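In what follows, a single structure is set out as structure tokens and then discussed.
The values are calculated or read from the model by the stated rules, or taken from the named source; none is laboratory data. For clarity, every value in this text was computed on a predicted model and none was experimentally measured. Backbone-built Cβ (ideal geometry, glycine too); neighbour counts: all protein chains shown. Accessible surface areas use protein heavy atoms only, side chains included; no ligands, DNA or RNA. Shrake-Rupley method; radii C 1.70, N 1.55, O 1.52, S 1.80 Å.
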Amino acid sequence: NDIFLKALTLKASDIHFEPAEKKFKIRYRVDWAFVKWKEFGLSFKIIMCFLRHLDEKEGFKVLDEALAHKDKIYGVGLDSSETDNPPNKYEKLFKKAIEHGFITVAHAGEEGPPEYIWEALNLLNVKRIDHGVQCLKDEKLVEKLSKNQKYRKFFKWMIFTIFTGNLLFKNYQSIKII
């Protein structure tokens with residue numbers, strides 16, 4: 001309860017639980033989304049993240065430990081720096097997570113190229129892409145994300161982000177298909 005009370009006090013939009021090699025870190029993200037959550041009464045679910053800078057073997061250890069708490073954890077995600085850590089390195093881990101009934105999500109296409117988004121969709125079978133702004137460099141990917149109901153929530157968020165000035169893009173032509 002202290003974790004959630006602190007999030008409320010900080011008006012945090014995200015609570016990140018980050019297992020590392022020798023410690024466990026809790027990080028709060030503070031931005032506009034929390035106000036919207038509180039204002040509109042949205043619910044929340046816990047998504048545990050695997051850290052990209054750790055190898056898949058470490059991810060399997062975390063997943064095995066998380067299974068004891070499956071009733072509290074809704075899904076698993078791929079988080080942390082994308083550089084030199086493509087989604088394909090975690091394909092077996094995500095397959096096992098799906099077999100255990102976890103919903104899967106991934107940070108893809110923020111630092112990494114559009115190919116990382118394709119890998120997250122096709123190899124990790126994610127239900128949500130976070131931060132996928134690099135999709136604007138791939139017209140087929142933009143079309144898939146904007147036309148597929150499953151990904152429209154992400155796409156609307158990304159457009160909101162662009163138009164509120166949090167991201168700067170020189171070419172808005174790519175998003176006209178919406």
> What aspartates and glutamates sit close enough to residue 95 to cross-link, taking a C-alpha to C-alpha distance under 18 Å and skipping anything fewer than 8 places away on the same chain?
Replying inline: 55, 56, 58, 64, 65, 79, 119
>> With every protein chain left in place and a probe of 1.4 Å, what is the accessible surface of residue 28, to the nearest 10 Å²?
In response: 50 Å²
>> What is the sum of charges, Lys and Arg at +1 and Asp and Glu at -1, for the other residues whose Cβ falls under 14 Å from the Cβ of residue 92?
In response: -2
> If 29, 52, 128 are ordered by their accessible area, calculated over protein heavy atoms with a 1.4 Å probe, which sequence runs from highest to lowest?
Replying inline: 128, 29, 52
>> Assuming 0.36 nm per residue, please report the length gained on full extension of the stretch residue 70 to residue 143 beyond their Cα-Cα distance.
In response: 22.8 nm
> Taking the simple approach of a point 7 Å from Cα along Cα-to-Cβ for both residue 98 and residue 26, what is their distance in nm?
Replying inline: 3.2 nm
> If the chain between residue 80 and residue 110 were fully stretched, how many nm would it gain, using 0.36 nm times the residue separation less the Cα-Cα distance?
Replying inline: 9.8 nm
> Can you give the extra length, in nm with one decimal, that the chain gains between residue 6 and residue 58 once fully stretched, where that is 0.36 nm per residue apart less the Cα-Cα distance?
Replying inline: 15.8 nm
